[in-house]
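Participant: Can you keep this structure in mind? I'll have questions shortly.
All of the numbers you see were taken from the coordinates with simple rules; none came from a lab. Only a predicted model underlies this, so the values are computations on that prediction, with no experimental measurement involved. No Cβ is skipped: glycine too gets one built from the backbone with ideal geometry, and neighbour counts run over all protein chains shown.
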């Protein structure tokens, strides 16, 4: 190499050396410091089994960490700061400027005997926020109590650790397994110092106007989703760490709670998760005027009116919102919305397109004329507006599964048994009445289509296995399986709706008429952000079709497509229902 190098012209050697030196001395940035803390925050919170880490307020710890990291101006200070802030809750965790090896002896008790056990984290999805998490999700430190049982059959070995470079020249070693006895995990922090530390972080700011709180919320969102969002493997082009750096940079510039909420929403919009949402109880902005818009025939059309005294009419085309061309306004709102399909993205954006602070005024332009209206209603849920149930004619019965309760549906069964054709409306969300499926089948079915990840290592590293679940259905009487059954669906249907329609589609229980569903299913994970001003949620379970093919980003496709028309809206016609009746008249099966 040296012999070759001397034949390279001198000026090229200089350029080459300058390039090497620059690459090795990557400048320190605030974002690099915060992102390093964000990675360690998730590693320790969810995978390091110390007693101290299980006893702190992690939301407030995020604020404390952001506050301290913000004081750093170079990598040496960052390393010292990380060691300082994590020592009280994870005394075995180390940070240096070179890769760390051989720490097993330092975390092995000198008096090791049979009273010690090995403890480590096991997660079935995530149940850290116990009052909010789905009951099918579980998280625990295995062996922290005597005679403990595993959540699933995977045992970590003592010495396993997350040993990685957080940013250029900053390394961490985080044990995933610790020894413990009935008193504590080893090594343990000084109890008095630890209690003072807990009190110190509890007293920190909870105001999202403060920089450290905004940074803390970005870190909480990043780390929780990083380790437990089940669809990263289907988002091959998404670089989550890069999105964190963008969110951190924006958080440094934000100056208000509303800007902060937009930053977090845009950050997670890239997940294409229709369950994603944030709810700010003190600054509620999801208030709407008494109308709803749909995107029909490449126009934004009024499709529902919730106040008979409004100046709007069904079928009106909105061209401007607050004097901004509506497509520009839509595109700006759309980037804060997460959805799994393009059609769902449009629908979800339209749901909040006109939203704003309660009782504020929004100006909408129709046929060149401005119309001002107050935002005095909550989030719009686009149900079909059909009655709970009725007989269309002597052979057709209509049932609105969005509104009818299961008890009422059972009382209705004798009438349904007399009908030759039944139309079930599922254009939104079932009212806890999925048991109707058992009256549509003629044999027992028990497909496994829900997958809960079994996680022991950070960053969704292998091995990851899955617990698989499904609804086991048994036929009930009176049977409706010989009837000509139709289901109405559209993009407003997601999650539970898609679970029901998944059985219909996979087991040929009826003809689906309308539009594809949203393409996102699985129980959610709810989590808190700093100060309880916000709660967030995302999908925590992976769902596939009953034949194990991909479901995410596709949804349940109808057998017969229907497209709304402006003419149909103006004439107040239910074009989906009309099409189902038309198919019945054609004896379509």
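Participant: For the pair residue 557 and residue 589, how long in nm is the line joining their label points, each one 7 Å along Cα→Cβ?
Facilitator: Placing both labels 7 Å along Cα→Cβ, they lie 2.5 nm apart.
Participant: Another question about this same structure. In what sequence, highest mean first, do 190-199, 499-508, 515-524 appear when ranked by Cβ atoms within 10 angstrom?
Facilitator: Highest to lowest by the protection proxy: 515-524, 499-508, 190-199.
Participant: Helix 575-585 against the longest principal axis of the chain: what's the angle in degrees, Cα atoms only, rounded to the nearest 10?
Facilitator: For 575-585 against the chain, the angle is about 60 degrees.
Participant: May I pose another question? How large is the translational diffusion coefficient of the stretch 480-524 in µm² per second when you combine the Kirkwood radius over alpha carbon pairs with Stokes-Einstein at 20 °C and 1.002 mPa s?
Facilitator: For these conditions, the coefficient is 196 µm²/s.
Participant: Take the alpha carbon atoms of the stretch 295-360, find their center, do the same for the stretch 504-539, and report the distance between the two centers in whole angstrom.
Facilitator: About 22 Å separates the Cα centre of the stretch 295-360 from the one of the stretch 504-539.
Participant: Over all Cα pairs of the stretch 529-589, how is the pair count split among 10 Å bins, expressed in % and running from 0 up to the last occupied bin?
Facilitator: Per 10 Å bin, starting at 0, the Cα pair percentages come out as 15, 24, 23, 24, 11, 2.
Participant: Which angle from 0 to 90°, rounded to the nearest 10, does the C-alpha axis of helix 342-351 make with the longest principal axis of the chain?
Facilitator: The two axes meet at around 80 degrees.
Participant: Counting each DSSP H run of 4 or more residues in the chain as -39500 (n - 2.57), what helix-only mean residue ellipticity at 222 nm follows after dividing by all residues, to the nearest 500 deg cm²/dmol?
Facilitator: That comes out to -9500 deg cm²/dmol.
Participant: State, in angstrom, two size descriptors of the stretch 441-589 derived from its alpha carbons: Rg to one decimal place and Dmax to the nearest whole number.
Facilitator: Answer for the stretch 441-589, Rg first and Dmax second: 19.1, 59 Å.
Participant: Using the scaling law 2.2 N^0.38 Å as the reference, what is the normalised Cα Rg of the stretch 339-474?
Facilitator: Rg over 2.2 N^0.38 Å, computed on Cα atoms: 1.56.
Participant: By DSSP, what percent of the beta bridges with both residues in the stretch 389-585 are antiparallel, rounded to the nearest 5?
Facilitator: Of those bridges, close to 55 percent are antiparallel.
Participant: Computed FRET efficiency, Cβ-Cβ of residue 115 and residue 461, R0 35 Å: what is it to the nearest 0.05?
Facilitator: Efficiency computed from Cβ-Cβ geometry: 0.65.
Participant: Using only Cα atoms, what is the ratio of the radius of gyration of the stretch 113-215 to 2.2 N^0.38 Å?
Facilitator: Normalised by 2.2 N^0.38 Å, the Cα Rg of the stretch 113-215 equals 1.37.
Participant: Working from Cα positions, state the angle (0 to 90°, nearest 10) between the long axis of helix 75-86 and the longest principal axis of the chain.
Facilitator: Between the helix axis and the principal axis of the chain, the angle is about 70 degrees.
Participant: Per residue, how big is the convex hull of the chain when only Cα atoms are used? Give it in Å³.
Facilitator: Spelled out: Cα convex hull of the chain, divided by residues, is 213 Å³.
Participant: What percent does the relative contact order of the chain come to when contacts are Cα pairs within less than 8 Å and at least six residues apart?
Facilitator: 14 percent
Participant: Here is a follow-up. With r as the distance between the Cβ atoms of residue 408 and residue 256 and R0 = 30 Å, compute the FRET efficiency 1/(1 + (r/R0)^6) and round to 0.05.
Facilitator: Working from the Cβ atoms, E equals 0.05.
Participant: Which percentage, to the nearest 5, of the DSSP beta bridges contained in the chain is antiparallel?
Facilitator: Here the antiparallel bridges make up roughly 80 percent for the chain.
Participant: Further question: In a Debye calculation with equal point scatterers on the alpha-carbon sites of the stretch 291-374 and no solvent, what is log10 I(q)/I(0) at q = 0.14 Å⁻¹?
Facilitator: Log10 of I(q)/I(0), two decimals: -0.45.
Participant: Antiparallel versus total DSSP beta bridges in the stretch 339-437: what percent is that, nearest 5?
Facilitator: Restricted to the stretch 339-437, the bridges split so that about 65 percent are antiparallel.
Participant: Working out 0.36 nm times the residue gap between residue 313 and residue 297, then minus their Cα-Cα distance, what length gain in nm do you get to one decimal?
Facilitator: So the chain would gain 4.0 nm between residue 313 and residue 297.
Participant: Hey, if you drop one equal point scatterer on each alpha-carbon of the stretch 213-295 and run the Debye formula without solvent, what base-10 log of I(q)/I(0) do you get at q = 0.27 Å⁻¹?
Facilitator: At q = 0.27 Å⁻¹ the computed log10 ratios are -1.41.
Participant: Let me ask something additional. Given a Förster distance of 45 angstrom, what is the FRET efficiency for residue 376 paired with residue 237, based on the Cβ-Cβ distance and rounded to 0.05?
Facilitator: The calculated FRET efficiency here is 0.60.
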